[in-house]
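Please treat every number below as a calculation from the coordinates, not as lab data. In this text, all values refer to a predicted model and were calculated from it rather than measured experimentally. Note that each Cβ is placed from the backbone with ideal geometry, even for glycine, and that neighbours are counted across all protein chains shown.
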Amino acid sequence: MRRADRQADRARADAARGPQVLVVDDEPDIRELLELTLVRMGLGVASVGTIAEAKERLKSERFDLCLTDMRLADGEGLDLVRHIAALAADVPVAVITAYGSAENAVAALKAGAFDYVSKPVGLEQLRALVRSALSLPDAEARPRDARLLGESAPLALVRSLIGKLARTQAPVYIAGESGSGKELAARLIHEQSARRDKPFVPVNCGAIPETLMESELFGYRKGAFTGAAEDRNGVFQAAHGGTLFLDEIAELPLHTQALLLRAIQERRVRKVGATQEEPVDVRIISATNQSLAGMVEAGRFRRDLYYRLNVVELNMPPLRECREDIPRIVGSILQRLAAQNGVPAPRLSPEALEELMQYDFPGNVRELENILERALALSGSPELGPADLALHRIAAVEEEESADAPVAKGASGAPDAPLPVYLDKLEREAILQALGKTGFNRTAAARLLGITFRQLRYRMQRLGIKDETRG
């Protein structure tokens with residue numbers, strides 16, 4: 001017995017030199033179980049039974065993690081979550097909630113908790129949570145990501161929120177117009193989080209046929225349906241340990257919404273054709289350019305799922321609200337596109353930049369990139385002017401589309417299409433005309449278009465234009 005005591009004392013001594021965890025629970029048996037589990041993980045543990053005692057320990061000691069029960073004799077665990085957040089101590093707080101209490105879990109995450117674990121406490125889940133919390137990168141050591149360009153107030157707010165959201169496991173709902181950078185924001189949250197070494201799996205819900213939705217999300221068993229020749233994992237299993245980004249979440253049918261709600265609440269999924277559920281550990285980030293709140297009111301999106309997804313909302317600002325950032329973004333895009341094409345990066349004339357600064361960009365950064373890519377491909381000049389951007393043509397297309405013309409005509413006289421398709425069509429026509437005039441001599445066609453041979457080859461590949469001289 002004395003040998004066991006010595007081993008326990010040695011384990012505690014070793015743990016005292018490792019990361020420190022503050023355990024707050026008013027049940028002695030639970031405290032003892034948590035302490036024993038954490039010490040065996042090589043962690044130092046301080047255990048208290050009340051919020052008041054926890055606040056006293058926080059005044060004089062430094063902790064790397066706090067694990068608190070939701071209900072305590074002298075208050076709510078959420079009070080301690082808010083207290084630690086107010087201290088700006090950069091200490092993740094995990095909350096122990098009553099079994100099956102989805103409301104408590106959501107409340108804890110909204111208050112700023114890192115994550116939660118349900119009673120009865122599963123030790124494997126607890127260990128995974130603790131390891132994840134302790135692997136969070138130091139907030140001050142995180143490098144500034146060069147992909148989120150801009151110094152405007154809206155983007156500065158987004159950058160700050162991304163840093164905060166990366167330090168929790170809370171589900172995040174990203175709202176914003178098409179092309180505003182919702183997937184980039186999701187990736188940055190993942191890359192700055194404790195899950196950064198695990199998969200980031202993006203899924204466009206609008207691109208999956210309704211009949212395949214369940215099997216794509218959760219996987220299926222062999223023989224579950226015609227064509228199911230072997231077991232297959234879904235995107236939940238593919239994202240295990242990491243982040244699942246559900247883009248265009250508004251496109252989910254109501255039946256799949258019910259299945260998704262259960263998967264989020266229980267942290268378990270059932271493959272199509274299976275009889276048993278299996279545990280999954282994923283963080284959900286969702287996005288859409290539609291109004292989910294409006295869809296809830298219209299009965300097209302489940303209210304309970306909306307509240308589970310929208311624990312924290314991040315709004316991506318449209319480009320027209322960040323006009324002072326346009327020159328920096330333009331420079332970055334031109335540098336990247338030029339590097340991809342193996343050509344020097346052109347500069348933008350003052351007149352062209354002024355036109356971009358005045359344009360409203362309904363397609364946001366994605367549209368800006370499309371405009372610059374087209375201009376770079378069709379202009380061989382070291383300086384891009386207003387004519388290269390062709391914003392007057394784009395504005396004319398948008399004006400005709402907004403007028404709901406049954407068949408709107410573009411500059412070529414052909415029926416219009418969505419903006420990216422329309423611009424590709426104009427570019428394709430220009431290239432084909434040049435190739436036709438030169439008998440498909442690509443060198444001569446490139447010279448006629450005022451671009452390099454390499455630029456022409458790249459554009460032909462992207463647009464699917466075959467070299468007829470090669471059969």
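Observations on the model:
- Per DSSP, loop GluC sites (Glu not before Pro) in the range 200-248 with at most 16 further Cβ within 10 Å: GLU230
- Shape index of the range 10-134: Rg/Rh, with Rg the Cα radius of gyration and Rh the Kirkwood radius from the inverse mean 1/r over Cα pairs, equals 0.93.
- Label-to-label distance, LEU432 versus GLN358, with points set 7 angstrom from Cα along the beta-carbon direction: 3.4 nm.
- Counting 0.36 nm for each residue step from LEU184 to SER101 and taking away their Cα separation leaves a gain of 26.6 nm.
- Förster-model FRET efficiency, 41 Å R0, SER381 and ARG267, C-beta, rounded to 0.05: 0.15
- Relative contact order of the chain, pairs being alpha-carbon contacts under 8 Å that are 6 or more residues apart, as %: 10
- Annotation: amide H of VAL117 within the under-5 Å range of VAL95, ILE96, THR97, sequence separation 5 or more or interchain, hydrogens built in the peptide plane.
- Between the range 240-263 and the range 117-133, the alpha-carbon center distance in angstrom: 23
- Size of electric dipole in the chain: Cβ of Lys, Arg +1 and of Asp, Glu -1, about Cα centre, debye, nearest 20: 1660
- Taking the number of Cβ atoms within 10 Å of each Cβ as an exposure proxy, the fewest-first ranking of CYS322, CYS205 is CYS205, CYS322.
- Computed from the Cβ-Cβ distance with R0 of 30 Å, the FRET efficiency linking ALA85 to LEU123 stands at 0.65.
- Summing Cβ point charges (Lys, Arg +1; Asp, Glu -1) relative to the Cα centre of the range 10-134 gives a dipole of roughly 440 debye.
- Other-chain or far-sequence residues with amide H under 5 Å of SER47's (modelled H): VAL23
- Helical mean residue ellipticity (222 nm; -39500 (n - 2.57) per DSSP H run of 4+; nearest 500) of the chain: -14500 deg cm²/dmol
- With a simple spin-label model that places each label point 7 Å from the Cα along the Cα-to-Cβ direction, the separation between ASP304 and ARG462 comes to 4.7 nm.
- Efficiency of FRET from Cβ geometry, ALA293 and ALA229, R₀ 35 Å, rounded to 0.05: 0.25
- Here's the list of lysines a cross-link from LYS182 could span, going by alpha-carbon distance under 28 Å and ignoring same-chain residues fewer than 8 apart: LYS110, LYS164, LYS198, LYS425.
- Were the residues from THR50 through GLU210 laid out at 0.36 nm apart, the gain over their Cα-Cα distance would be 52.6 nm.
- Residue exposure sequence - ARG366, ARG459 - by fewest surrounding Cβ within 10 Å: ARG366, ARG459
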